[in-house]
Amino acid sequence: MAGTAVLGRLTWQVAGVTAVRPETPSVRTIELVVPGWAGHQAGQHLDIRLTADDGYVAERSYSIASAPGEPVALTVERLEDGEVSPYLTEELRVGDEIEIRGPIGGYFVWDGADAATPVLLVAGGSGVVPFRSMLRHRARIGSTAPVRLLYSARSLPDVIYQAELERPGGGAEVIYTLTRQQPEGWAGHSGRVDAALLGAVAWPAERLPLAYVCGPTAFVEIVSAALVSLGYPAERVKTERYGGAGAG
């Protein structure tokens, strides 16, 4: 796969924007047409480069939201102090072109080949994006691998892909925990993901599940440590994090 190439060997290319749609008030999904696209794996990401009129260049990485075989899609959350996300979520239009590089990454991927191994996906906020790629890939190939998604969001309106995740017949179990605001009569989980919540909803370690954790750095560190404390071997807890000086 192209995503396993050394980053320095990847070249920048121009992609055209074919669709833009809102997911939440601060999140948009952008579909791209990429000439000569060689394909990607579920869980990989892209780099985007924007160049201002004065020559200033900003680069950011974004997870690919689409499954292998689908048009390339990115889902971007607007960060108020960001350099790239405000443009992608507010100004980018169908017909525009942007520079991309990728696909990148061979560690945080899921090919769906092992139908016997349970898969645990733990997402914090927009960390759900690569999991959409994995869930769509699972559906496209007809995998019967047991998949459980634990999704931590501030509130229900902040849940990205809510309609898609809750679509009947999706085959994967989706569990929410809402950290800031719960609707009246909410019977689901509340509060941040911790060892107690993971102990209640994660696959038992005895089943030798494979875990993927994606979200802000602090979230990923807490969740991955908690999974190891529950008996998950560290090498079976794959992590991807965002945030810090390069975010946005």
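What follows is calculated from the coordinates using simple rules that are stated; it is not laboratory data. Bear in mind that the values here come from a model prediction, so they are computed numbers and not experimental data. Glycine also receives a Cβ, built like all others from the backbone with ideal geometry; neighbour counts cover every protein chain displayed.
Using only Cα atoms, locate the centre of segment 37-97 and the centre of segment 196-248, then give the distance between them in Å, rounded to an integer. Here the two parts' Cα centres lie 25 Å apart.
Stretching the chain fully between D53 and A218 yields a gain of 55.8 nm (0.36 nm per residue, less the alpha carbon separation). For helix 129-141, report the angle its Cα long axis makes with the longest principal axis of the Cα atoms of the chain; keep it between 0 and 90° and round to the nearest 10°. Compared with the principal axis, the helix lies near 80 degrees.
Rounded to the nearest 10 degrees, the angle from helix 217-229 to the longest Cα principal axis of the chain is 30 degrees. If you filter segment 184-248 for GluC sites (Glu not before Pro), then keep DSSP loop positions with at most 12 other Cβ within 10 Å, what is left? Listed in order of number, the matching sites are E184. Contact order for segment 119-242, expressed relative to its length and based on alpha carbon pairs under 8 Å spaced 6+ residues apart, stands at 29 percent.
So, counting K/R as plus one and D/E as minus one, what does the shell of residues with Cβ under 15 Å around A67 add up to? Kindly include the intermediate steps, with their values, before the conclusion.
Details: positive: R132, R136, R138, R140, R167; negative: E31, E70, D111, E164.
With Lys, Arg at +1 and Asp, Glu at -1, the net is +1.
With contacts defined as alpha carbon pairs under 8 Å and 6 or more residues apart, what's the relative contact order of the chain in percent?
Result for the chain is 19 percent.
Oblate is the label for segment 117-225. Its Cα gyration tensor axes, ordered a ≥ b ≥ c, give a/c of at least 1.5 and b/c at or above a/b.
First check a/c for segment 2-104, with a ≥ b ≥ c the square roots of the eigenvalues of its C-alpha gyration tensor; if it is under 1.5, answer rounded, and if not, answer prolate when a/b is larger than b/c or oblate otherwise. It comes out oblate by the Cα gyration axes.
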